[in-house]
Amino acid sequence: MANQEKLIELVKHRYTWDVSWFLPTPETSKSKSKKSSKSEEAAKNAEKKWILSAEKDYKEALAYIKDAIAPAFMKVHNDKIRINNTYAKTFFVYSYPNFLEWNWLSPVINWDVKFDMSLYVYPIESAFVQKYLRKRLTQLHSERSINAEKWLINDPGLEAQIQDVEELRAKLTRGMEKYFHMGLYITVYADSEEKLTRIWKDIETILAGRNVLQKQSFLRAEQWFIATGPFAKDELGVYRNISTGGLSTTFPFSSSTLSHDDGILYWVNTHNNSLILYDRFKSENANMVVFAKSGSGKSFAVKLEVLRMLMMGIDVIVIDPENEYRPLVDTVGGSYLDVSLNSNERINPFDLPMGMKDHDEKPGDLLRSAVINLLGLMNLLLGKLTPEEESIMEKAIITAYSLKGITIEDDSIIGKEIPIMQDLQDVLDTMDGAKSLVIRMEKYTSGIFAWIFSKRTNIDLKEWLQVFSVRDLDDVLRPTTMYVILNYIWNMVRSSNKKRILVVDEAWNIMQHDDSAKFLFGLVKRARKYNLGITTITQDVEDFAGSAYGKPIITNSSIQVLLKQSSASIDALQHIFKLTEQEKYILLNSAVGQGLFFAGAEHVGIQVVASFYEEQIVSSDPNR
């Protein structure tokens, strides 16, 4: 590296000489010409010397790298290869049945042995295939005519071949099918010849059960080994003709029951390197919890899921505590709402819930729900209310609505004004025993926190992606504000039946208070009925599980994602999720973006992988 830098400096110096070298005067023309010629020759010699030195260093470094990664020896036999103390043997598939079931390669992909598999696919021109099929169909018709002249009965096999060829010609003509050459090679590894033979028998049994026939390679072991290596180089050319329909059955990305036809790409299954294609709305419920230590990639993984959900037409709502989702909104569109004391966006906690779609709810029923939600909010704003204070507060809330013409007996609220926090305080001022409540409420009506809860709602959630940023909120207000936001979102969700995802990042803030934790638990428990999936993200496992509603939220979430954990929290996590010692080891030693994915009874290791453009959008790395 040092030699390369010196070489670059030398080249720069060569082309940045003083221009006076090339502008000789009459007195010094000859002397400078001689000096210039000598200097150029010296520079060329120096440059040549540096190039030779750099080339020598490069060759030495390259030789060292090859020595570091190369095995001690490699011996090629007629039917296998030995690499150090490991034996490798390759098989190739040479015959397939007429019909293959979907995902027939799944038992091989999920095979719990060390192996490499390569699938080579070569497209063929339709004109060439049509010419061959026309010739083949002529031969079959000719054979059928000869049999008829001989008064032989019809051959069912011959008739089936004619029908298959005609159907394939028709599909090729309409563009419904294409034709390919396909080669399938599998190399297995073992530490002894006996084990290698046993693995070969196993794979023969697996494939033979599906009428797929394979053979062991002979005399070209080195070429077979290269064909299944990371070289994308087929030196063998052992292939079979196959159409699009047959080729589609070899789709290799299968992962037990973690593959859904209409699911999104989640992550890579580290057990077999297959892809996890999953539809969370096909689970018992669409709720998901994500536990990981800071910096382990949990926000990256969730934002990647959000981006792919949006591509499937699923609406997403996010409560963003760290302003991490702004680049996502800027890229794909949507609304970004800054919820803080200095923001212009406001949510009135006194807004009545919207009626459920296709369900006749009277204003009185909606008012009851609003009163219950407001009592929970007041317990957060004013501190835990005593039974007497709660009774006074309930009467005051109902009175505040009635003064605006909204009562339990009303049939319609059209054209009627919704009260605000100041209206409630005015009512409490007139009630006996409410002095303490009025004093505690003043900071939310005329004090430092007046702007956030005492104004009318001026936002409308209609975008496909809505992000509520609570980064600039004071810690004292954050649990209360998240309670109000969740309530507002819930009112919008229950008004229409559409697939939605609600992402609650840093949920431990909510779990610190019983009322807000209870409300979140209620959302998680009822979300399935409204096609809502709630994603709960937290890094404080003990704080979350320590809440009376933390563990019920986990048990009511069909999907759990566990990324890298700290040694301080792993015991609590092991107790909650009943982790095995191997799973515990994985979580303690995982790299960023690695962990476990639990979907029902399925437990798999995962690696979060994003494309280059996805990574530019969802990455939270401050150094990027």
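Label point 7 Å out from Ile448 along Cα-to-Cβ: which residues of the range 462-497 have amide N under 15 Å?
473-478
Taking R0 as 25 Å, what's the FRET efficiency between Glu101 and Ser192 from their Cβ-Cβ distance, rounded to 0.05?
0.15
Please determine, in degrees from 0 to 90 and to the nearest 10, the orientation of helix 29-69 with respect to the longest principal axis defined by the Cα atoms of the chain, where the helix direction is its Cα long axis.
80
So how do 474-480, 131-137 stack up, highest first, on mean other-Cβ count within 10 Å?
Most protected by this proxy first, the peptides run 474-480, 131-137.
Output the peptides 166-175, 88-97 sorted from most to least packed, where packing is the average of other Cβ atoms within 10 Å over each peptide's residues. Write down the numbers at each step before the final one.
Values: 166-175: 13.3, 88-97: 18.9.
Result, highest mean first: 88-97, 166-175.
Hey, what do the phi angles of the range 273-280 turn into as Karplus ³J(HN,Hα) couplings, whole Hz, using 6.51/-1.76/1.60 and θ = phi - 60°, x for Gly and Pro?
Values, residue by residue: 6, 8, 9, 8, 9, 9, 10, 5 Hz.
From the P(r) of the chain, could you give the percentage of C-alpha pairs in the tail past 37 Å?
Here the long-distance tail beyond 37 Å is 58 percent of all Cα pairs in the chain.
Sequence-distant or interchain residues sharing an amide H contact under 5 Å with Phe449, placed H: which?
So Phe449 has HN proximity to no qualifying residue.
Order these peptides, 195-208, 290-303, by their mean beta-carbon neighbour count within 10 angstrom, highest first.
Per-residue Cβ counts within 10 Å, averaged per peptide and sorted highest first, yield 290-303, 195-208.
To the nearest 20 debye, what is the magnitude of the charge dipole of the chain about its Cα centre, counting +1 on the Cβ of each Lys and Arg and -1 on the Cβ of each Asp and Glu?
Approximately 2780 debye in magnitude.
Between the helical axis of 156-174 and the dominant principal axis of the chain, each derived from Cα atoms, what acute angle in degrees is found, rounded to the nearest 10?
Value to nearest ten degrees: 70.
Suppose a student asked you for the relative contact order of the range 256-308, using Cα pairs under 8 Å spaced at least 6 residues apart; what percent would you report?
28
In percent, how large is the relative contact order of the chain, given Cα pairs closer than 8 Å and 6 or more residues apart?
Rounded, it is 15 percent for the chain.
For Asp472 and Arg368, FRET efficiency with R0 = 51 Å and r from the beta-carbon atoms, rounded to 0.05? Write out the running numbers ahead of the final one.
Details: r = 34 Å, r/R0 = 0.67.
Working from the Cβ atoms, E equals 0.90.
How charged is the neighbourhood of Lys195? Take every other residue with its Cβ under 14 Å from the Cβ of Lys195, and add Lys/Arg as +1 and Asp/Glu as -1.
Once all neighbours under 14 Å are counted, the net charge is +1.
Could you please report the charge total around Thr86, scoring K, R as +1 and D, E as -1 over all other residues with beta-carbon less than 13 angstrom from its beta-carbon?
Overall, the nearby charge balance is +3.
Would you mind checking which residues have amide H under 5 Å from Ser590's amide H? H placed 1.01 Å from N; only 5 or more apart, or other chain.
Gln565
Can you tell me what share of the DSSP beta bridges in the chain is antiparallel? A percent to the nearest 5 is fine.
65
Sorted from fewest to most neighbouring beta carbons within 10 Å, what does the list Trp151, Trp490 look like? Walk me through the intermediate numbers first.
On the way: Trp151 6, Trp490 21.
Ranked by crowding around the Cβ, least crowded first: Trp151, Trp490.
For the range 348-456, what is the convex hull volume of the alpha-carbon atoms per residue, in Å³?
104
Out of residues 5 or more away from Gly595 or on other chains, whose amide H comes under 5 Å of its own, with H placed 1.01 Å from N in the peptide plane?
Ile606
Starting at the first residue of the range 383-396, write each ³J(HN,Hα) from the Karplus equation 6.51 cos²θ - 1.76 cosθ + 1.60 with θ = phi - 60°, in whole Hz, x for Gly and Pro.
x, 4, 7, 6, x, 5, 5, 5, 5, 4, 5, 4, 5, 5
Enter the angle in degrees (range 0 to 90, nearest 10) between the Cα long axis of helix 126-149 and the first principal axis of the Cα atoms of the chain, meaning the one along which they spread out most.
70
What aspartates and glutamates sit close enough to Lys195 to cross-link, taking a C-alpha to C-alpha distance under 20 Å and skipping anything fewer than 8 places away on the same chain?
Excluding near neighbours in sequence, the set is Asp79, Asp112, Asp116, Glu204.
Take the cross-link list Lys303/Lys529; Lys384/Lys564; Lys404/Lys498; Lys114/Lys551; Lys303/Lys578 and give me the ones stretching past 31 Å between alpha-carbons.
Violating the 31 Å limit, Cα to Cα: Lys384/Lys564; Lys404/Lys498; Lys114/Lys551.
Go through the range 240-250 residue by residue and turn each phi into a ³J(HN,Hα) via Karplus (6.51, -1.76, 1.60, θ = phi - 60°); whole Hz please, and just put x for glycine and proline.
9, 5, 7, 8, 4, x, x, 5, 5, 6, 8
Could you work out the pair-distance distribution P(r) of the range 458-542 from its alpha-carbon pairs, with 10 angstrom bin width and percents rounded to whole numbers?
P(r) for the range 458-542, in whole percents per bin: 15, 53, 29, 3.
With contacts defined as alpha carbon pairs under 8 Å and 6 or more residues apart, what's the relative contact order of the range 75-248 in percent?
That works out to 43 percent.
Given R₀ = 41 Å, FRET efficiency for Asp279-Asn344 by Cβ-Cβ distance, to 0.05?
0.60
Values quoted throughout were computed directly from the atomic coordinates according to the rules given, and no laboratory measurement underlies them. Just so it is clear, the structure is predicted and the values come from calculations on it, not from any experiment. A quick note on method: Cβ atoms are made from the backbone with ideal geometry, for glycine too, and the neighbour counts reach across all protein chains shown.
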